[in-house]
């Protein structure tokens, strides 16, 4: 199986040959973060890509709030390029089922058990769900 780093390298080469400067810039930044993570020994490529995508989306919101829609659009475009390398997000029903199963397996009964539920649900989601979504569903399951 081709690693995400290898996939980004291949796409970077293709973008360079095509003269797509904008994509080259984005992919170089992503590749740099992936290599830095590998050097530090963490080796979780999906987590790196999620973090980088989240940074872009947060920057886009800040730029939009600051009256700079053109910069916000650029950040959103970068986030879209990064998203293409991430595994497909779980649907709401699939994620709800994972959270419900985590609640059952951990014996959680109140919001104070949130940590155990989150840990198991995030593990089961396997990088295919944002922590905020999992947290919201876990909270709903434990309070509702």
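Where a number appears in this text, it was derived from the coordinates with a stated rule and is not lab data. Note that the structure is a prediction, hence the values are computed from the model and not measured. Reconstructed Cβ throughout: ideal geometry from the backbone, glycine too, with neighbour counts over all protein chains shown.
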How much mean residue ellipticity at 222 nm does the chain get from its helices, if each DSSP H run of length 4 or more adds -39500 (n - 2.57) and you divide by all residues, to the nearest 500 deg cm²/dmol?
-25500 deg cm²/dmol
With Cα extents along the principal axes in Å defined as stated, name the option among (1) 77, 32, 25; (2) 56, 42, 27; (3) 50, 32, 32 computed from the structure displayed.
(2)
Give the angle, between 0 and 90 degrees and rounded to the nearest 10, that separates the Cα long axis of helix 21-40 from the longest principal axis of the Cα atoms of the chain.
50
Quick one: what does P(r) look like for region 12-54 with 10 Å bins over all Cα pairs, in whole %?
30, 44, 25, 2
Relative contact order as a percentage, the chain, C-alpha pairs under 8 Å and 6+ apart, gives 17
What's the FRET efficiency of residue 51 with residue 10 using the Cβ-Cβ distance as r and R₀ = 25 Å, to the nearest 0.05?
0.70
Computed from the beta carbon distance with a Förster radius of 35 Å, FRET efficiency for residue 123 and residue 58 to the nearest 0.05 stands at 0.90
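Can you tell me the FRET efficiency between residue 29 and residue 105 if r is taken as the Cβ-Cβ distance and R0 is 35 Å, rounded to the nearest 0.05?
0.35
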Roughly how tilted is helix 69-83, in degrees to the nearest 10 and between 0 and 90, from the longest Cα axis of the chain?
70
First check a/c for region 92-143, with a ≥ b ≥ c the square roots of the eigenvalues of its C-alpha gyration tensor; if it is under 1.5, answer rounded, and if not, answer prolate when a/b is larger than b/c or oblate otherwise.
prolate
Label region 4-83 by shape, choosing from rounded, prolate and oblate, from the square roots a ≥ b ≥ c of the eigenvalues of the Cα gyration tensor; if a/c is under 1.5 it is rounded, and otherwise prolate applies when a/b is larger than b/c, oblate when it is not.
oblate
Inter-part distance where region 1-71 and region 78-97 are each reduced to a Cα centre, Å:
16
What length, rounded to one decimal in nm, is gained on full extension from residue 97 through to residue 21, with 0.36 nm per residue of separation minus their alpha-carbon distance?
23.1 nm
For residue 88 and residue 65, compute 0.36 nm times the residue count separating them, minus their Cα-Cα distance, and round to one decimal in nm.
5.4 nm
Quick calc: nm separation of the 7 Å Cα→Cβ label points for residue 113 and residue 2 -> 4.4
What angle do you read, to the nearest 10 degrees and between 0 and 90, between the alpha-carbon axis of helix 114-125 and the longest principal axis of the chain?
50
How high is the relative contact order of region 4-83, in percent, counting Cα pairs under 8 Å that sit 6 or more residues apart?
25
